[in-house]
Structures are given as C-alpha cells and as structure tokens.
Ligand code: AMP
Ligand code: MG
C-alpha cells in the first residue's frame, strides 16, 4: 500500500498485524491491576464453597408451618465456624450471614421476623419459602470452571475474584518497552522559557502521562530533537531498541518533515503513511529491522491526544496480550448538527450532557487540531463517517468515551 491513503480501519488492522506479545511473567496480586492475564483463572473450590447463610437469622428445617409454633434454639453459628454441636431435638439454630448452615437445616428466617420469648424460644412472624436465604454450595460456579480467560485486562474488581480463588501470584503478559521522541525546532520544554516563534512541548508530556496511566513502566523519554537529520537519526537508532517508538511531529509534507526519511535511512520499513481520517491524516507506521513498531504522529496536539487512544493504544494493548483492544463506542444522539468538510472520517471531540432522562453528545467547538485547549473539557470523540458531510441534531453517533471520568455535579 505504498503511498496510498487507506481508511482508518484498514490502517489500524494493518498496523495491528505487526504487533506481537512479549512473553509471560508473574506479579503479586497487589501489582496485578492494569496487567493482562496470561493464563485462565479457574475456581479452586465450588463458589460458594459451602451452604452459606445469606442473612442473619435462624436456620430451620422447613415445614411450611413456621408461624404457627415456637422454636427451641440450639445455639449460634458465626461465620468461619463449623457447627459441631448436637442439634437433636433442637428446632432451630441462630446463624449469622456468611456462616456455614449445618445439617439438617435448609431454610433461614431473617432475624427481623423472629421474636424471642422470655423462655428463650423464638416465634416467627412470617411464613417461609423452603431454601430461602441460603446460597447453595456451587450455585455461582463449580470448582474448575474458568472464571476469567487469558487476555483479560485486570481492573480492581477482577482482583476480588483473583483473591477469592487464592491467586496471590498472577501470571500476566510482559509489557512492551516504549520510547518517546518529540521532534521540532520550535519546541522548548515546560520548564524552559518560551518566546517569539518557540512553543512548549506538550505532546511528549501527554504521551508520558498516558503511558503512565496505562501502567507501562519501561518507558524512555528521548527528549526533543530539532529537525536535523543527524540528530534525528541518532535518536531514532536509540528509539528502535525499544519494542515501540512513538514519534511526535515531522511526518507531514513540509520541508522540515524529515521523520519518514530519517526512519527509512535507519532501516525502518514503511507499513503505511496517510490515513483518510481527520485529525491524523499523515500518521506513519513502520517496522524496524529488529521488529520494533514505529508510529509517527503529526505534531498537532489534538491529533496526538485523539490518536494515542484511537490508534496507538490498540497496538500497545494487543502487544500486552489483551483479547479486547479496540475502543468500544456508545451509540448516542447528537445534541446539535455536526459537519465534516474533510472528505475523510472525522473524530470530533465531545462530551456527554443530560437532556431529561437521556444523554446526548455535545460537540466541543474547536479551531482544529492545534487547539489543544478545546480538549480539556472533552470526554471522548464521536465519529462522522467517511462520506458524511453533515449529521443533523438527533442523529445517532458512535461516541468513544476515551478520556472522561464521567463525573458530574449533579445526578
Ligand atoms: P508537525 O507535524 O511537526 O508539522 O507539527 C504540527 C504542529 O504541531 C505545529 O504547529 C507544531 O509546532 C506543533 N507541534 C509539534 N510538536 C509539538 C509538541 N511536541 N508539542 C506541541 N505542539 C507541537
Ligand atoms: Mg515539526
């Protein structure tokens, strides 16, 4: 596909085909969040592992005549204790939530419905259903069942399951190593003063933060390089010793956009360089002789912020072993008309707003891909498909919630 423009989907599919998994290592449970399971996680016991009281109350042998008599109480069973006492002649046993229900009892009546008489006997103020308030052994899953498959990206709630089946050591895929390079003779760092034609390097610091948030630890910042062949090639040679090299700037059509040439001179083979997408048209993808994946993003900050999530994160996630790595859209109506004069697929920045009982996508006004300030209120992007020039208010769009915390001042 030499200099051809490809669709966003084709571009992503072809770049993804160059990405491979790095191998497996073990981490301890507290460090597993954000990692990707490299082995299926199985139930080591039935879940629940025993007949468990689901309420505080009294366990009885169900007869259907519970409210009509008094019950003698044999004792109390607390969680974590196996009742070994005699229950012969006893009518019921006091039991706490989480405790193992002893035989022959089969039904738990909540403490709220029990009245203790001065004799110590109890009387129930309600009828009961056989088996109520007892979780059967294995009713959630049976021992040996697959609870979470290989490729699961672990969130905190997955750690409940890992901990519950005794996975203190968790086999996860190794993460790729990543180098970041910012290019441009106009760039100074945030701690330096900027005047005249100079601007501050926002992109590299965004990329470093985004990688940190995703839990990538083997990350090297190669700094800023001016648009100078020798200097740039030296940095590229260093960058391609990492599994990924992410380059900002220098991939467009200008005289100083020398990144693709320099990459080629360092042996990087082009996979693609032009995508029918706005922003992000000049995105470059290539592969180094050693198998590193090199992505060159145009320097416009909005393109970098959008395509870290829409293009780069899928590659990183696939290399990290997840089975799900594409951003998943939510289908929602547009609040206002949205236009696309680019002739390419457009990712417009937006946020969700409540309208009565519904959520709608509100486009955030932007002066274009240099207008990084416009992204600060954005929660994600929505898609205006290739070929569509105008979407009316109310049109259902694919909204990708890539940045939002989805928090609000009111319900
Ligand atoms: P380029 O893709 O190199 O032509 O850059 C496109 C635009 O993005 C230019 O206005 C650059 O000044 C700007 N730019 C390039 N790199 C960065 C960066 N690291 N941080 C912020 N803006 C940048
Ligand atoms: Mg540049």
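The values are calculated or read from the model by the stated rules, or taken from the named source; none is laboratory data. For clarity, every value in this text was computed on a predicted model and none was experimentally measured. Positions of Cβ are backbone-derived with ideal geometry, glycine not excepted, and every protein chain shown enters the neighbour counts.
Mind counting the residues in region 288-335 that are surrounded by fewer than 23 Cβ atoms within 10 Å (Cβ to Cβ), part of a loop (DSSP other than H, G, I, E, B) and more than 16 Å from ligand 2 (Cβ to nearest atom)?
Qualifying residue count, region 288-335: 14.
Please work out if residue 253 is without any contact (Cβ under 8 Å) to a residue 60 or more places away in the chain and in contact with a strand residue (DSSP E or B) (Cβ under 6 Å, 6 or more places away or on another chain). Please lay out each step first, then the result.
Values: without any contact (Cβ under 8 Å) to a residue 60 or more places away in the chain: yes; in contact with a strand residue (DSSP E or B) (Cβ under 6 Å, 6 or more places away or on another chain): no.
Considered against the rule, which asks whether it is without any contact (Cβ under 8 Å) to a residue 60 or more places away in the chain and in contact with a strand residue (DSSP E or B) (Cβ under 6 Å, 6 or more places away or on another chain), residue 253 comes out as no.
State whether the residues of region 39-53 include one that is over 30 Å from residue 147 (Cα atoms) and in contact with a strand residue (DSSP E or B) (Cβ under 9 Å, 6 or more places away or on another chain). Spell out the reasoning first.
If we filter region 39-53 for residues that are over 30 Å from residue 147 (Cα atoms), which is where we start, we get none.
No; the residues of region 39-53 include none that is over 30 Å from residue 147 (Cα atoms) and in contact with a strand residue (DSSP E or B) (Cβ under 9 Å, 6 or more places away or on another chain).
Hand me the list of strands (runs of 3 or more DSSP E) wholly inside region 104-192 holding 2 or more residues that are in contact (Cβ under 8 Å) with a residue 60 or more places away in the chain, exposed (fewer than 13 other Cβ atoms within 10 Å of the Cβ) and within 16 Å of ligand 2 (Cβ to nearest atom). It would help to see each step written out before you state the result.
Working: elements: 107-110, 114-116, 122-124, 146-148, 169-173, 178-183.
Correct list: empty, since no element meets the threshold.
Confirm whether residue 50 is more than 30 Å from residue 318 (Cα to Cα), touching a residue at least 24 places away in the same chain (Cβ under 8 Å) and out of contact with any helix residue (DSSP H, G or I) (no Cβ under 9 Å at 6 or more places or on another chain).
Values: more than 30 Å from residue 318 (Cα to Cα): yes; touching a residue at least 24 places away in the same chain (Cβ under 8 Å): yes; out of contact with any helix residue (DSSP H, G or I) (no Cβ under 9 Å at 6 or more places or on another chain): yes.
Yes.
Restricting attention to region 1-23, report how many residues are surrounded by 15 or more Cβ atoms within 10 Å (Cβ to Cβ) and either on the phi > 0 side of the Ramachandran plot or modelled with pLDDT of 95 or more (or both).
Going through region 1-23 one residue at a time, the tally reaches 10.
Conditions tested, residue by residue: (1) in a strand (DSSP E or B); (2) within 19 Å of the chain's Cα centre (by Cα).
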position: 4; (1), (2): no, no
position: 10; (1), (2): no, no
position: 15; (1), (2): no, no
position: 20; (1), (2): no, no
position: 26; (1), (2): yes, no
position: 30; (1), (2): no, yes
position: 34; (1), (2): no, yes
position: 39; (1), (2): no, yes
position: 44; (1), (2): no, no
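Would you confirm, using the coordinates I've provided, whether residue 75 is over 30 Å from residue 326 (Cα atoms) and not in a loop (DSSP other than H, G, I, E, B)?
yes
Return the total of residues in region 207-218 being within 16 Å of ligand 1 (Cβ to nearest atom) and surrounded by fewer than 18 Cβ atoms within 10 Å (Cβ to Cβ). Before you say what the answer is, go through the steps one by one.
Initial filter on region 207-218 (within 16 Å of ligand 1 (Cβ to nearest atom)): 207-211.
Narrowing the set further to residues that are surrounded by fewer than 18 Cβ atoms within 10 Å (Cβ to Cβ) leaves 208-209.
Selection size over region 207-218: 2.
Tell me the residue from 251, 259 that is more than 24 Å from residue 402 (Cβ to Cβ), crowded, with 24+ Cβ neighbours inside 10 Å and near ligand 1 (Cβ under 10 Å from one of its atoms), please. Before the answer, list the steps.
On the way: 251 fails: more than 24 Å from residue 402 (Cβ to Cβ).
Being more than 24 Å from residue 402 (Cβ to Cβ), crowded, with 24+ Cβ neighbours inside 10 Å and near ligand 1 (Cβ under 10 Å from one of its atoms) holds for just one of 251, 259, which is 259.
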